[in-house]
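Worksheet: one structure, shown below.
Computed from the coordinates by the stated procedures, all read-outs in this text should not be read as laboratory data. Every value quoted in this text rests on a predicted model; they were computed, and no experiment measured them. Heads up, the Cβs are rebuilt from the backbone with ideal geometry, glycines too, and the neighbour counts pull from every protein chain shown.
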Amino acid sequence: MYQPGYYPPPGYYPPPGYQPPGWMFYICMHDAGDFEAVWHLYLMTEILIGRVNHCYVRLYDKSVSRVHCRIYHYNGQILIDNASKTNSTILNGNIITSPAVLNIGDTIKCGHVTLVVNTIYTC
């Protein structure tokens, strides 16, 4: 069943007549080191990035924290914030010390893994 914050698995179709709310965002990102690793995400509340099962973007690399960072929206902007106490999240070469605006083309570095934001738009 569909859960807010991530793209439904292949083969899942929403019920007939379903219309996503206007404040939902679609984000597409890929792993810069593995172009086959692509995530299609619907952001309604927040998206967690890390190693554990409840992260919507799971990265199988020991240099990534269990919950490394989170993406959420506030006042019509998409923000990214570091969620790890031990590892830094780097956005476009700068360490995130407070929430930062996420844009198309941005690079997110979590440990040794670099993610690239391909697409952002409002549904």
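Look at where the Cα atoms of region 29-67 and of region 95-123 average out, and the two centres are 11 Å apart. Distances between every pair of Cα atoms in region 38-123, grouped in 5 Å steps from 0 to the bin holding the largest one, split as 3, 15, 28, 29, 18, 6, 1 percent.
Put a dot 7 Å past the Cα of Arg66, heading toward its Cβ, do the same for His30, and the two dots end up 3.2 nm apart.
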